[in-house]
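One structure is given below, encoded as structure tokens.
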């Protein structure tokens, strides 16, 4: 059973009958992958129910690309007709894509009166993927700065139980947002969930700001995690069962669940080995070398005026692969797999 099966099975159970659980957590974290521009109100422009937003989105027939985004739309369509989710209020929607960052976030008030803030993972924009790679040498990046600004603005005095979450890069932003939030907002946050998102530089993991919120952080990764093993993160993460091979396990719709929980699994030897090798590689590269690596890769896109992965032609892929050949075999494999997930999304 995956999360879509879970929604179908429990569509008529209220949060009073079936309290918020970790599968609901994952579901709400994924909603920000959908482009709700001009549908979900921005700051101070009111609220809209999930059902109303889904119906407006359906009428506009916005284009989407890839298996993952397609499943996210499918999930929303089922949620809008469910007793459990349809009355969830959506508001404070934000989507920003410019020369510095790709950022998305949305606030949700659940029927049980709790607040859920979801930060969007990487979309198909080239700047979004470049931001991810910049995390190997830069903190805070543009989206990370924006995340804490967003959280400070989104939480009100009357909000009590607040959960923060995100999938992929969104998981990193969720942690970053709380790390740098006002102290009275940090006190309202009961849980921060990073669903297979990258970690931080070593200096940030060891910082006082991170240590203050570490007890509230929950990290969830699939058996063959790659994205979640990037950089440094909490050692106490949960490994869950996922269908698909290698990078395809990053797709949360492949994660398996039963009743109210994601099914536990053990991390693969390959994933553990990759984590160790990447950590060692990161420590070996100087700051200048990290910067040059990222700039060289993304200059290929910039020199060809490509701003979105939808625009990538076969020749650009060959150019990237040619660049990869300058690197060691393990790094080549990682970057190739990252290319695959870009196209899947």
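Every number here is computed from the coordinates shown, using simple stated rules; none is lab data. Just so it is clear, the model here is predicted, and its values are computed rather than measured. As a convention, Cβ positions derive from the backbone with ideal geometry for all residues, glycine included, and neighbour counts pool all protein chains shown.
Points to keep in mind about this one:
- Extension reserve of the residue 5-residue 295 stretch, reckoned as 0.36 nm per residue once the Cα distance is removed: 100.2 nm
- Inter-label distance for residue 203 and residue 100, nm, one decimal - labels placed 7 Å from Cα along Cα-to-Cβ: 1.9
- Fully extending the segment from residue 214 to residue 45 would add 57.5 nm, taking 0.36 nm per residue of separation and subtracting the current Cα-Cα distance.
- The angle separating the long axis of helix 169-179 from the principal Cα axis of greatest extent in the chain is about 70 degrees.
- Cα centroid separation, region 78-147 to region 244-270 (Å): 22
- Fluctuation leader among 70, 199, 104 - the chain, Gaussian network, Cα springs under 10 angstrom: 70
- Gaussian network model of the chain, springs between alpha carbon atoms under 10 Å - residue of 71, 92, 304 with greatest fluctuation: 304
- Neighbour counting of Cβ atoms within 10 Å sorts the residues 97, 189, 240, 40, fewest neighbours leading, into 97, 189, 240, 40.
- For region 1-134, the extents of the C-alpha atoms along the principal axes are 46, 36, 29 Å, listed from largest to smallest.
- Listing 96, 162 from fewest to most neighbouring C-beta atoms within 10 Å gives 96, 162.
- Placing R0 at 35 angstrom, the Cβ-Cβ distance between residue 55 and residue 113 gives a FRET efficiency of 0.90 after rounding to 0.05.
- For the chain, the Stokes-Einstein estimate of translational diffusion at 4 °C and a viscosity of 1.567 mPa s comes to 63 µm²/s, using the Kirkwood hydrodynamic radius over alpha-carbon pairs.
- Each stretch of four or more DSSP H residues adds -39500 (n - 2.57); spread over every residue of the chain, this sum gives -13000 deg cm²/dmol at 222 nm.
- Sorted by Cβ neighbour density within 10 Å, fewest at the top, the residues 73, 28, 20: 73, 20, 28
- Antiparallel bridge percentage (DSSP; both residues within region 63-183; nearest 5): 70
- Once the C-beta distance of residue 243 and residue 77 is scaled by a Förster radius of 25 Å, the resulting FRET efficiency is 0.70 to the nearest 0.05.
- Between 191, 169, 153, the GNM of the chain built on Cα springs shorter than 10 angstrom shows 153 fluctuating the most.
- Cα long-axis angle, helix 67-79 against the chain (0 to 90 degrees, to the nearest 10): 10
- Separation in nanometres of the label points that stand 7 Å from Cα toward Cβ, at residue 13 and residue 139: 3.8
- Acute angle (nearest 10 degrees) that the helix 142-154 long axis makes with the longest principal axis of the chain, alpha-carbon atoms: 10
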